[in-house]
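The values are calculated or read from the model by the stated rules, or taken from the named source; none is laboratory data. Just so it is clear, the structure is predicted and the values come from calculations on it, not from any experiment. Every residue, glycine as well, gets a Cβ built from its backbone with ideal geometry; the counts of neighbours run over all protein chains shown. With ligands, DNA and RNA removed, areas are computed over all heavy atoms of the protein, side chains included. Shrake-Rupley method; radii C 1.70, N 1.55, O 1.52, S 1.80 Å.
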Amino acid sequence: SSGINAEYGGVRCDSGIVEGSSISIHYDPMICKLVTFAPTRREAIRKMEAALDDYVIDGITHNTPLLREILGNEAFLSGNVNTKFLEEEYPGGFSGAPLTTSQRAELYPALVALHHNKANRAAGPESYKYVVTGDGEERGEVTVTVSKDGTCAVSLEGQTVTVTPQGGIHEPLQKFTLDGGREVTLQQLEFNGVTHSIRYRCCRKDFTIVTPLQQRFMDAMPEKPVVDTSNLLLSPMPGSVSMISVEEGDEVLEGTEVAVIVAMKMNNSLKAPKSGKIKKIWASVGDVVDGDQKILEFH
């Protein structure tokens, strides 16, 4: 859609993309032009931050995390920009930024309130403890005290924040008011009861939220060793080997059929995942194999 977004005021969303549109490789793959305007540059930037936080885009790769990051860049805020801005400010590229202390202090309470309302929405007004672990983030122990009106007092590292959820817990956009003033926006991507995948400030982040008892059990579990399977062809499912079409020492090209597994009365063609020489054949015709069992090994 295009035009002025009346909810915000001062936000214009120009887009010619509709359901079924094809984004060609022959032109600049712009799907939308988002514009904000206000009496001052700083106010227009704040409007843009809010608009990007509320912009739900799913199913395609997009650059909103970089755009959101640029809005807080000191050089950009001062207007000191030129055509080498990205090269100078992000010489190694941009792949996301770790949370600052202030960002963590607003994200964790909002996220834990969301988790509690989704996982324990039938619970009564009392206190609950959770352990929050995020990719690349410090583990946090959080206490949530729920009031009868649905507000949550969330305590983290000696600081208590009152979190007031807005809207339903299943909406893709989740908004929270902290201490009756600050507003935090999260985008829900996935939730399996324990792990939350969200967007905060447009960046995807994955968090695990469990009770202290659950965390103790998880800490006691041995870590599954990481096995390098880049040189292996594994069976995709349980079945029987009906054909091996290569021998040790053969040179094969990526995509060449090298074996066939029969499973559920169907032939499943296994193709070389890379070009190279066959180092070892681990299975024979007639073997019954399990899922992820080694079939071939490449040099």
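It is to be established whether one or more residues within segment 116-127 are touching a helix residue (DSSP H, G or I) at 6+ places or on another chain (Cβ under 9 Å) and on the phi < 0 side of the Ramachandran plot.
Yes, segment 116-127 contains a residue that is touching a helix residue (DSSP H, G or I) at 6+ places or on another chain (Cβ under 9 Å) and on the phi < 0 side of the Ramachandran plot.
Cβ-Cβ below 7 Å, separation at least six or inter-chain, first residue in segment 279-299 and within 15 Å of Val260 (Cβ to Cβ), second assigned to a loop (DSSP other than H, G, I, E, B) and acidic (Asp, Glu): which pairs?
Filtered contacts from segment 279-299: Ile281/Glu248.
Of Ser245, Ser275, Ser284, which residue is in contact with a Leu (Cβ under 6 Å, 6 or more places away or on another chain) and farther than 30 Å from Glu49 by Cα?
Step by step, each of Ser245, Ser275, Ser284 is checked, and only Ser275 is in contact with a Leu (Cβ under 6 Å, 6 or more places away or on another chain) and farther than 30 Å from Glu49 by Cα.
Conditions (1) touching a His at 6+ places or on another chain (Cβ under 9 Å); (2) acidic (Asp, Glu); (3) within 17 Å of Thr100 (Cβ to Cβ); (4) touching a residue at least 40 places away in the same chain (Cβ under 8 Å), marked per residue:
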{"position": "Val131", "(1), (2), (3), (4)": "no, no, no, yes"}
{"position": "Val144", "(1), (2), (3), (4)": "yes, no, no, no"}
{"position": "Ser147", "(1), (2), (3), (4)": "no, no, no, no"}
{"position": "Cys152", "(1), (2), (3), (4)": "yes, no, no, yes"}
{"position": "Ser155", "(1), (2), (3), (4)": "no, no, no, no"}
{"position": "Pro165", "(1), (2), (3), (4)": "no, no, no, yes"}
{"position": "His196", "(1), (2), (3), (4)": "yes, no, no, yes"}
{"position": "Arg201", "(1), (2), (3), (4)": "no, no, yes, yes"}
{"position": "Asp219", "(1), (2), (3), (4)": "no, yes, no, no"}
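Please state which of the following conditions Val285 fails to meet, knowing it meets all the rest: (1) in contact with a Ser or Thr (Cβ under 8 Å, 6 or more places away or on another chain); (2) open to solvent by 80 Å² or more (accessible area, probe 1.4 Å); (3) assigned to a strand (DSSP E or B).
If we test Val285 against (1) in contact with a Ser or Thr (Cβ under 8 Å, 6 or more places away or on another chain); (2) open to solvent by 80 Å² or more (accessible area, probe 1.4 Å); (3) assigned to a strand (DSSP E or B), just (3) comes out false.
Collect the residues in segment 42-81 that are of a type in the set (Gly, Ala, Ser), under 19 Å from Pro98 (Cα atoms) and touching a residue at least 60 places away in the same chain (Cβ under 8 Å), keeping them in residue-number order.
None - no residue of segment 42-81 is of a type in the set (Gly, Ala, Ser), under 19 Å from Pro98 (Cα atoms) and touching a residue at least 60 places away in the same chain (Cβ under 8 Å), so the list stays empty.
Anything in segment 261-282 that is open to solvent by less than 60 Å² (accessible area, probe 1.4 Å) and part of a strand (DSSP E or B)? List them, or say none.
Ile261, Val262, Ala263, Asn268, Ser269, Leu270, Gly276, Ile278, Ile281
Among the residues of segment 87-118, which ones are assigned to a helix (DSSP H, G or I) and either without any contact (Cβ under 8 Å) to a residue 24 or more places away in the chain or over 28 Å from Pro172 (Cβ atoms) (or both)?
Glu87, Glu88, Glu89, Thr101, Ser102
Please determine, by comparing only the residues of segment 191-210 that are more than 14 Å from Ala113 (Cα to Cα) and not in a strand (DSSP E or B), which one is least open to solvent (accessible area, probe 1.4 Å).
This residue is Cys202.
Residues of segment 216-260 being in contact with a Gly (Cβ under 9 Å, 6 or more places away or on another chain), open to solvent by less than 70 Å² (accessible area, probe 1.4 Å) and either in a strand (DSSP E or B) or modelled with pLDDT of 95 or more (or both), which ones?
Matches in segment 216-260: Leu234, Gly239, Ser240, Val241, Ser242, Val252.
Please go through segment 175-211 and pick out each residue that is acidic (Asp, Glu) and at negative phi.
Glu183, Glu190, Asp206
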